[in-house]
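**Q** Handing you a structure now.
The values are calculated or read from the model by the stated rules, or taken from the named source; none is laboratory data. A quick note: this is a predicted structure, and the numbers were derived from the prediction, not measured. Here the Cβ positions follow ideal geometry from the backbone for every residue, glycine too, while neighbour counts run over all protein chains shown. Just so you know, the surface numbers come from the protein's heavy atoms only, side chains and all, with ligands and any DNA or RNA stripped out. Shrake-Rupley method; radii C 1.70, N 1.55, O 1.52, S 1.80 Å.
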Amino acid sequence: QWNGEGTSLNLESIVTGRCYDYIQTVNPTVRNKNCSAIWEALKQAFVYKDPCSVLPSDYELLINLTLHEIPPNKSLFWENNKHLVHKYANKGLHYMPLGDSLTGWIVDNLNWCGKPNGSGIDYISCPTTEECEHNPVESFWRIASVTYAKQSSGVIHTMLNGSALGGAFPNNSFFADYELPNFQKDCVSHFEIWVMDDIEGADLDSCGRGSIKVLEDILSSKGPVRILQCVDFPSHPECAIPSDSSIIKPWMTLFL
Ligand code: NMN
C-alpha cells in the first residue's frame, strides 16, 4: 500500500535488546532505565494507529523514559555523513551524536508503522514522508532531534559534507529545521563546523561560502558576532540594548 519499507521484523526484540545492551555495555553511566517500559512506550505511540496520524508529541513518554545527560562538549550534529560521524563518535566514547544516545540508539536504522486492524503493526509497507508527514518514524526523529538540541551544551560540533549535491547545509533537513532553532544559547559556548569532502569528492561547499556561509550567518545572528557588527552601526535598531537588562549576557561568549 505504501512506498516505504514495512516495520522491521522482530522490532520488539531488537529495541528491547538494544536497550539492555546500551545500559549494560555501551554506556553504563546510564542506569535505572526500564527497557520493557521503553518498548511499551514506543508501541503505544503507533500500534493500531493510522500511520499518517502519529505526531511527535505521541513519543513524549518514550523520550522521557530514555532521557539521560548528553555530556557537555560531546554533542555532534551532522548532515549527509552518518557513517563517518558514527565511526568517529565511537559509540559515544569520543562524541555523543543523537544515534549514540539511548533515545536514538534503540531505533537507529529501524522502521515501524501501525495499521488499524490485524496485529496492529504493518510489516509490509510504511508511508514515506512524501506520502504523509506525520508518519511514525519521521515524527519520532523530529521530537528526538528537538530534545537532543535542547540538551546540548558547551562546544557544539557539526560535521557537514562539502561534497553533498544539495549543499553541505541543505534546507529542510533535521539539522536545519529541528536542531538549529532549539539550541539553548545560554548553555552554548561556541560552535565548531567541520566540513568534510568525500575522498576524491568534489569540493562544493566550504567555510565562508555556499550553504556553509548561510549557516555561519544564522549562527552569528544569534550571538555576539552581531555585537561586533554593532560597533560600526550603534544606532541601528538591531543593535538596541534592552533597557531592563545588563549588557553582559552568558551567550556573549558565543563565537564562531
Ligand atoms: O537525516 P538528516 O536530515 O541528515 O538528519 C541528521 C541530523 O538530524 C543529525 O544532526 C541528527 O542529530 C538528527 N537525526 C539523526 C537520525 C539518526 O541518527 N538516525 C535520524 C534523523 C535525524
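**Q** Given the criteria within 16 Å of the ligand (Cβ to nearest atom), among the basic types (Lys, Arg), on the phi < 0 side of the Ramachandran plot and open to solvent by 30 Å² or more (accessible area, probe 1.4 Å), does Lys74 qualify?
**A** Yes: the conditions hold for Lys74.
**Q** Which one of the conditions (1) away from the ligand (no atom under 11 Å from the Cβ); (2) touching a His at 6+ places or on another chain (Cβ under 7 Å) does Asn90 fail to meet, given that it meets all the rest?
**A** The single condition Asn90 does not satisfy is (2).
**Q** Further, regarding this structure: Of the conditions (1) of a type outside the set (Asp, Glu); (2) more than 10 Å from the ligand (Cβ to nearest atom); (3) modelled with pLDDT of 95 or more, Lys222 satisfies every one except a single condition; which number is it?
**A** If we test Lys222 against (1) of a type outside the set (Asp, Glu); (2) more than 10 Å from the ligand (Cβ to nearest atom); (3) modelled with pLDDT of 95 or more, just (3) comes out false.
**Q** Here is a follow-up. Quick one: Pro97 ticks every box in (1) on the phi > 0 side of the Ramachandran plot; (2) within 10 Å of the ligand (Cβ to nearest atom); (3) open to solvent by less than 30 Å² (accessible area, probe 1.4 Å) except a single one, so which number is it?
**A** Here Pro97 meets the rest and fails (1).
**Q** Another one. Checking the condition modelled with pLDDT of 90 or more, open to solvent by 20 Å² or more (accessible area, probe 1.4 Å) and assigned to a strand (DSSP E or B), which residue from Trp141, Trp194 passes?
**A** Sole residue among the options that is modelled with pLDDT of 90 or more, open to solvent by 20 Å² or more (accessible area, probe 1.4 Å) and assigned to a strand (DSSP E or B): Trp194.
**Q** Determine, yes or no, whether Asp186 is over 30 Å from Trp112 (Cα atoms), modelled with pLDDT under 90, crowded, with 20+ Cβ neighbours inside 10 Å and not β-branched (Val, Ile, Thr).
**A** When the stated conditions are applied, Asp186 does not pass them.
**Q** Within region 173-191, is even one residue outside any helix (DSSP H, G or I), within 12 Å of Leu215 (Cα to Cα) and more than 10 Å from the ligand (Cβ to nearest atom)?
**A** Within region 173-191, one or more residues are outside any helix (DSSP H, G or I), within 12 Å of Leu215 (Cα to Cα) and more than 10 Å from the ligand (Cβ to nearest atom).
**Q** Follow-up question, since we're still on this one. Yes or no: region 231-249 includes at least one residue that is basic (Lys, Arg), open to solvent by 20 Å² or more (accessible area, probe 1.4 Å), modelled with pLDDT of 85 or more and out of contact with any helix residue (DSSP H, G or I) (no Cβ under 7 Å at 6 or more places or on another chain).
**A** no
**Q** OK, next. Give the number of residues within region 153-172 that are in contact with a strand residue (DSSP E or B) (Cβ under 8 Å, 6 or more places away or on another chain), hydrophobic (A, V, I, L, M, F, W, C) and not in a strand (DSSP E or B).
**A** Residues that pass the stated criteria total 2.
**Q** Would it be correct to say that Gly162 is over 16 Å from the mean Cα position of the chain (by Cα) and open to solvent by less than 10 Å² (accessible area, probe 1.4 Å)?
**A** Judged against the criteria, Gly162 is a match.
**Q** Looking for something within 11 Å of the ligand (Cβ to nearest atom) and either over 11 Å from the mean Cα position of the chain (by Cα) or at pLDDT below 95 (or both) - is there at least one such residue anywhere in region 147-157?
**A** yes
**Q** I've got another one for you. Taking region 100-146 only, how many residues are more than 10 Å from the ligand (Cβ to nearest atom), touching a His at 6+ places or on another chain (Cβ under 8 Å) and free of Cβ contacts under 8 Å to residues at least 60 places away in the same chain?
**A** Here the count works out to 0.
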